[in-house]
1. Cβ-Cβ below 8 Å, separation at least six or inter-chain, first residue in the stretch C:281-299 and in contact (Cβ under 8 Å) with a residue 12 or more places away in the chain and assigned to a helix (DSSP H, G or I), second among the polar types (S, T, N, Q) and surrounded by fewer than 16 Cβ atoms within 10 Å (Cβ to Cβ): which pairs?
2. Quickly run through the stretch C:269-283 and pick out the residues that are under 16 Å from C:T98 (Cα atoms) and facing chain B (nearest Cβ under 8 Å).
3. Across the stretch A:191-245, what is the number of residues that are among the basic types (K, R) and farther than 24 Å from A:D9 by Cα?
4. Give all pairs with beta carbons closer than 9 Å in which a residue from the stretch B:10-30 that is within 10 Å of chain A (Cβ to nearest Cβ) and closer than 21 Å to B:L264 by Cβ meets a residue that is small (G, A, S) and part of a strand (DSSP E or B); count only pairs at least 6 apart in sequence or on separate chains.
5. Taking the stretch A:150-194 as the search range and keeping residues that are in a helix (DSSP H, G or I) and without any contact (Cβ under 8 Å) to a residue 40 or more places away in the chain, which one is surrounded by the most Cβ atoms within 10 Å (Cβ to Cβ)?
6. Quick check on A:E135: is it within 26 Å of the chain's Cα centre (by Cα), over 24 Å from C:R212 (Cβ atoms) and surrounded by fewer than 22 Cβ atoms within 10 Å (Cβ to Cβ)?
7. If a residue has to be touching a Phe, Trp or Tyr at 6+ places or on another chain (Cβ under 9 Å), facing chain C (nearest Cβ under 9 Å) and in a helix (DSSP H, G or I) to count, how many in the stretch A:82-112 make the cut?
Amino acid sequence: MHPLISVQDLRVSFRMGQRSVEAVRGVSFDIPTNSTLALVGESGSGKTVSAMSIVRLLPDNALTGAASKILYNGQDLLRAAPESLRALRGKDISVVFQDPMSSLNPVFTVGEQIAEVLAIHLGLRAHPAWERALELLDEVGIDKPRERLRAYAHELSGGQQQRVMIAMAIACEPKLLIADEPTTALDVTVQRQIMELLARLQQRSKMGMLFISHDLALVGEIASQVVVLREGTVREAGPVAGIFHAPQDAYTRALLACRPPLDARPRRLPVIGDTIPPKETAAPRRVSAAIGAVPLVEARGLRKDYPLRAGLFRRSMLQAVKGIDFEMHKGRTLGVVGESGSGKTTLAMLLTRLTDPSAGSIRFDGRDLTLLDAAQMRAYRSRIQIIFQNPYASLNPRFTVGQILNEPMAIHRIGSDADDRARRSIALLDKVGLGSDAFGKYPHEFSGGQRQRIAIARCLTMRPEIIVCDESVSALDVSVQATVLNLLLDLQEEFGLSYLFISHDLAVVKYMADDILVMHQGEVVERGNPGAIYANPQHAYTRQLLDAIPRGLSASA
Amino acid sequence: MTRTNLQALPRSAGVWEQAWSRLRQDRVGMASLAVTLCFIVLVLLAQLGLVASGWQMEVGTPFAPPHFIGKITDGSQSAVVAGIDGPNVDISDVDPLAPRYAEWSERAARFKTIVSAKSDTLPFGGDQLGRDVLSKVVKGAQVSITVGLAAALMATLIGTVLGAVAGYFGGRVGDLLEWIYNVFTAIPYILLVFALAAVLKSGPLAKTLGGGVWSLVIILGLVGWTGIYRLVRAEYMKHRSREYVRAAEAIGATHAARMFSHILPNVSHVVLVQLSLHVVGFIKAEVILSFLGLGVPIDMVSWGTMLSEAQNELVLGKWWQIVAATAFMATFVTAFSLLTDALRDALDPKLR
Amino acid sequence: MLPYILRRVWQMIPTLLGVILLIFFLFKYFGGDPAEVMAGLKASPERIASLRAQLGLDRPVWEQLWLFVQQIFSFNWGKSWTTNEPIAQIFATRLPATLTIMVPILLLEVLLAIVAGLAVAYVRGSLSDRAIMVISTVALSVSFLVYIIVGQYLFGFVLGWFPVQGWSASFWKNLITYAPLPVALAVLVSLAPQTRLYRSFFLDEIGQDYVRTARAKGVTENAILLKHVLRNAMIPILTNVATGLPGVFIGSFLIEVFFSIPGLGREILAAVNRSDYPVIQAATVYLAALTMLINLITDVLYKLVDPRVRLT
């Protein structure tokens, strides 16, 4: 069958000052009509650049190759005149972007923005445009559509904003919808709703869809064809069943394998040929350390309220954490899973005393940490450490790696002199898999995963007993995640560390944790053993979370 | 591992080293740097008295033109007052001193007196009193640039310290500093300058500060810190909730360590650019204030006083003082502004 | 809305008090002795002492402060020390002249800068960018004084297109004959930096994600610039105009001095030169209050321009 769009030998490079950086190096694929093609890849794979080339929405410094062609309706879109391209955008081919909040114009109402695209391509104005916009909002599942027409972007939730974006995109009944990571910025339960909406719309209108994602499992539920990209080249392409059941390329296999599986618990996760060779990727299951008699940390009745300013005199409180109890045991990992607003990050801040609780106690080594003043707490800081989510923000850009590792040792007086500390730093850098060469470099010279390893090394300089991992792998690519998770497990075995592992990703938490807390709006709604929770969830919210996990092809089959 | 091994590890270039190497490749930036340095050297020489120290001497005829124009010979230059036209009356028979004149002339002729020859042309021309415009403009450069630099340093220091404290701590201290900031910014800039100028002119401090440039430096510094305060405070507020500062707190760093070892290096490039911008602004302000008579005292020269004299000279057709002052000022300010732009680009190439 | 305004007025009070305190103590402790200044250079000690009693300077400090505060809120400043003209009258008579000059300047500046800024943002080539930056840097490095002196000389004296100086009692004559030269000079000088500033506003908006969405919808480049970008850039432009508004009331004292325009700026400058404290104090306090009022109005106007603003 004749494809809707045919991309042939696409090459795109970006001019940065004197140099040129190649983002896409000869990618070819065909997008069929009336079905979904998924472009899958990690960061730097060129998937977004390839998709944006179709509508020529690339930055000014982008250069396309002379031999590259993108054919639509007999026309080469790369050579088309700007005016004819403009006529296609929004009408024949539309785009839904990743971050709906910034993609919507903040000063115009939702209705005005939808009406705009109707006016440009269908010539609808005033009342007819407004009515059609109303229909569209209804079709994408927005409640109270008449009121929402007059709403501004910031008055809507993330999910609603994305629905508005989709409404604008399908307004003129396009032949192709390009969805660039449309759900990445959304909570996992909302993600599921948007995915279902997109699938339904695609089937009803029989349009083609180009779906871009880094999540292979997510893609497996919606796509009929898959193209796997890595570093600007196509690694594998084909029908989705083939990709999932019989992947030919090593990278595709690795992508499928290094996600923590929901139904097994291998000792370590397989990785894609990184610097740390996994110890054993073979079958043996991971065994948790035994539960000791006395818990290492005992928290009771933890509460944290934030004051909100509302009205002239009233001050309402935002209850981030509403009375939580938990225990941590030596050598074991306590997992905390929840979506945004659940209070899980606040919990991390409370345990490390980066913020003070409004009520409750945290007992550690015989003392209540909440009662300590700053000077007393300093001594305990070396024993409870934290790894943050954003590897690009947690290291001081003006410090060298050597300085970053030296500072905590200097504060806690570890190591006899500067040389000794330097030697310890280098030993730790080796342990986390970065060589001694890293010592004199700056953070911006490293990738996200490497920076997280530096952060881990920084924690280790103080020989902590507890490490809080606050979404520490959430910002990393899947393959890099596996490396960091493996490293954390190795260190736990070697040093007997206890982790508080926080994440919104239930699959990762299930793999890493020995005990789990499920949090929702500041409360623990369910707790227990990972296997039990997965097999037999008690609370409705837990069930909702489990349902939302993309299972890949097996679920939709 | 021995000490030598540590030395052998590769070291990457820090922010300033990288900025310098970027600046080196910017031709406009390097040219501006060269011009600025020339001026700075000139200022230092003038400060030490090695150059233009004799600017007050009247070495030329009034309104002597520049060399390349040549002497004015059409008679319009002479300020000779026409003598009285009348009968030459000889009063020596009633003048009691008349017999002594010859003797006195003879005695006077025996003393050597130095009469400085007043040149008819000077390198950049002369002003109304015959003072050398070139010396004046160099001395003026010294005064204007020194005032600009000193005031900018003072304003930057005040603004940075207050901004850091307000941004980092917030709370009561922040509120107090915000109140002070609001008070200072509620009063329009020019009015505050005028009020301070009025007060320092006639008040008790006028004697201690002795006129001179210091009252001007204080006025400009006390009024100009607000812009930097705002920026530094915003930067500190932004950085204090960044994760690397949180991480520093988590490992046990003190407040002082976080403010100065961690955040300040990340903010210093902003401060440096602000400092440069304020230098230019203060030089221009000084020129205007000196023009109005509120700046440097009467016995000193600055570009502003030269412009004030030039205002009247222009209608007489004597343009060299205004051109000299404008040219020097424009050259320095342009060079310094371009240098600031180049510096800003070198420090943060993403900002374009 | 009303609770918001009330809260803002409540917050303004400490600032106003701070200004009053600052001005009072600045002039009291750092300024000269008012009695000496008023009495003149050759006054006898008895005259000075009697003046001092008249002005209430022998009373305790807090009484003097209270008197000061009363004067402010009753708008009764008494008379100028040197000209003996009631200060309220000084303000009333000088303000119209200042506004006749400053309001056209502000309007022209903003409108021209928006047009020029849009044009430059549209072109956006790196060559024109650099050229404009260099030209405006050189233009800015010449002092405003020089522009006025040369402008006055050239257009007034030599070419005779405009009167060199002067003012009349008729509003229209002022606007048409006497105002154009000073207004043109002032706008000319500020055009380059203002255009640069507005251009940066426009470029900031062009780089935002919603512009990418608009392109993806097929909106023309012109519509993007004139509808989407301009509307969003109104927010920083409003801030910029509001920052310049208090200046409209003070006037540009340089222009007024050069062109002999009897405005507020020239009056204050003269007051400084003759140490006429009441005039300076009054002007400072009232203009500070006016500035705070303008800020409040601006913040309320933000709500019209930026729907994200929540007036809490």
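1. Within 8 Å, the pairs are C:T298/C:T239.
2. Let us first name the residues in the stretch C:269-283 that are under 16 Å from C:T98 (Cα atoms), namely C:269-270, C:283.
Of everything in the stretch C:269-283, those that are under 16 Å from C:T98 (Cα atoms) and facing chain B (nearest Cβ under 8 Å) turn out to be C:L269, C:A283.
3. Let us first name the residues in the stretch A:191-245 that are among the basic types (K, R), namely A:192, A:200, A:204, A:206, A:230, A:235.
Then drop every residue that is not farther than 24 Å from A:D9 by Cα, which leaves A:192, A:200, A:204, A:206.
Count: 4.
4. Hits for this filter: B:S12/A:G440.
5. First pass over the stretch A:150-194, keeping only residues in a helix (DSSP H, G or I): A:153-155, A:158-170, A:188-194.
So of that shortlist, the ones also without any contact (Cβ under 8 Å) to a residue 40 or more places away in the chain come out as A:155, A:159-160, A:163, A:190, A:194.
Details: A:E155: 14, A:G159: 20, A:Q160: 21, A:R163: 26, A:V190: 20, A:I194: 23.
Among those residues, the one meeting the criterion is A:R163.
6. Values: within 26 Å of the chain's Cα centre (by Cα): no; over 24 Å from C:R212 (Cβ atoms): yes; surrounded by fewer than 22 Cβ atoms within 10 Å (Cβ to Cβ): yes.
No, not satisfied.
7. Here is the first cut: in the stretch A:82-112, the ones touching a Phe, Trp or Tyr at 6+ places or on another chain (Cβ under 9 Å) are A:88, A:92-93, A:102-111.
Keeping just the survivors that are facing chain C (nearest Cβ under 9 Å) gives A:88, A:93, A:102-109.
Then drop every residue that is not in a helix (DSSP H, G or I), which leaves A:88, A:102-103.
Of the residues in that region, 3 qualify.
Yes/no matrix, rows are residues, columns are (1) surrounded by fewer than 24 Cβ atoms within 10 Å (Cβ to Cβ); (2) modelled with pLDDT of 85 or more; (3) at positive phi:
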| residue | (1), (2), (3) |
| --- | --- |
| C:E256 | no, yes, no |
| C:P262 | yes, yes, no |
| C:V272 | no, no, no |
| C:I294 | yes, yes, no |
| C:T298 | yes, yes, no |
| C:R308 | yes, no, no |
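The values are calculated or read from the model by the stated rules, or taken from the named source; none is laboratory data. Everything numeric in this text was worked out from a predicted model, so none of it was measured. We place every Cβ from the backbone using ideal geometry, glycine too, and count neighbours over all the protein chains shown.
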